[in-house]
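Report on one structure; see the data block that follows.
Every number here is computed from the coordinates shown, using simple stated rules; none is lab data. No experiment lies behind these values; they were computed from the predicted model shown. Because the Cβ atoms are built from the backbone with ideal geometry, glycine has one as well, and the counts that use them run over all protein chains shown.
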Amino acid sequence: MIGDEFAPYKVRILDKLKQIKNEIEEDNLYAFKEQCEEVMSGILEEIEHSIEEGKISSIESLANEFKNIEVKYSANFPNILQKKEIWFS
């Protein structure tokens, strides 16, 4: 049959597509981590500045600030499986 001739090519093409998909997912995860680190760095600078200015003066207000940040993070960043792991790293 004509289709039988193409079976090996089909397998190779599907394998290549899987490989490309995995590479894209890895690249996206790396880019997401980089973006998170950049955003978190800015947030931490703001918190340090707020502490220096006395806007955050207690452990409770600092804890509340981090809780607010976590809520915003959960709501605004893409929903990927590693999202929580990235937050806690």
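Please give, to one decimal in nm, the separation of the simple spin-label points placed at Phe32 and Tyr9, each 7 Å out from Cα toward the Cβ.
Result for the modelled spin labels: 3.6 nm.
Quick check on the range 2-88: take the gyration tensor over C-alpha atoms, sort the square-rooted eigenvalues as a ≥ b ≥ c, and tell me if it's rounded (a/c under 1.5), prolate or oblate. It would help to have the intermediate numbers written out before the result.
Working: a/c = 6.82, a/b = 4.25, b/c = 1.61.
Because a/c hits 1.5 or more and a/b exceeds b/c, the range 2-88 counts as prolate.
Using modelled amide H (1.01 Å from N, peptide plane; none on Pro or chain starts), what sits under 5 Å from the amide H of Ile56, excluding residues fewer than 5 places away?
For Ile56, whose amide H was placed from the backbone, the distant partners under 5 Å are Ile51.
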